[in-house]
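Participant: Following this message is one structure expressed as structure tokens.
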Amino acid sequence: MSAPTILVDADACPVKEEIYRVAERYEAQVRVVSNSAFRVPVSEWVKRVVVSDGFDAADDWIAENADERSVVITADILLAERCLKAGARVLKHDGREFDAASIGSAVATRAIMEDLRAGMDGMGCGPPPFSKADRSNFLQALDRVLVRMR
């Protein structure tokens, strides 16, 4: 069986360094996908994928390359939905996993929140700050997913 591939929606990903460390331990391939160049470690496991700056170009590349041997790292709910349909496992940066049971309510909540923000003229509070607990939860979740994929 081939090694899993971790597809990273890199533009706002706060756990890239953690992904690199875990991927090396599991000999998983990593594709860091973004609209602009990011520094990635020199490694046979990690490759940078720079896509055009077109709307959703990074999301489109990730969704087109996601399959049952992929773990997608993203906070983008609509991208998560597309990747789940392709058979991929999907983790948020805080370690929460999107799955078939949770994605419908996540998409619905996203739509409601978008409507609420539109009615507030952009005066929203945004997500809570990323914490050490979020980082720890992510590491545990990624490890758990990769163990199950072996």
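Participant: Counting Lys and Arg as +1 and Asp and Glu as -1, what is the net charge of the other residues whose Cβ lies under 15 Å from the Cβ of residue 6?
Facilitator: Working: positive: 16, 21, 25, 31, 47, 48, 69, 89, 92, 144, 148, 150; negative: 9, 17, 18, 24, 27, 44, 67, 68, 97, 143.
After counting each charged neighbour, the total is +2.
Participant: Please give, to one decimal in nm, the separation of the simple spin-label points placed at residue 68 and residue 100, each 7 Å out from Cα toward the Cβ.
Facilitator: 1.2
Participant: Taking a 21 Å limit on the Cα-Cα distance, which of the listed pairs 47/132; 47/85; 16/132 fall beyond it?
Facilitator: 47/132; 47/85
Participant: Pop out the ³J(HN,Hα) list for region 30-43 in order, Karplus 6.51 cos²θ - 1.76 cosθ + 1.60 with θ = phi - 60°, rounded to Hz; leave Gly and Pro as x.
Facilitator: 10, 10, 9, 9, 7, 7, 9, 5, 10, 6, 10, x, 6, 7
Participant: Please list the non-local residues whose amide H lies under 5 Å from the amide H of residue 30, H modeled 1.01 Å from N, same-chain partners needing a gap of 5 or more.
Facilitator: Here 6, 46, 47 satisfy the definition.
Each reported figure results from applying straightforward, stated rules to the coordinates on display, with no laboratory input. A quick note: this is a predicted structure, and the numbers were derived from the prediction, not measured. Counting neighbours? That spans all protein chains shown, and the Cβs are built from the backbone with ideal geometry, glycine included.
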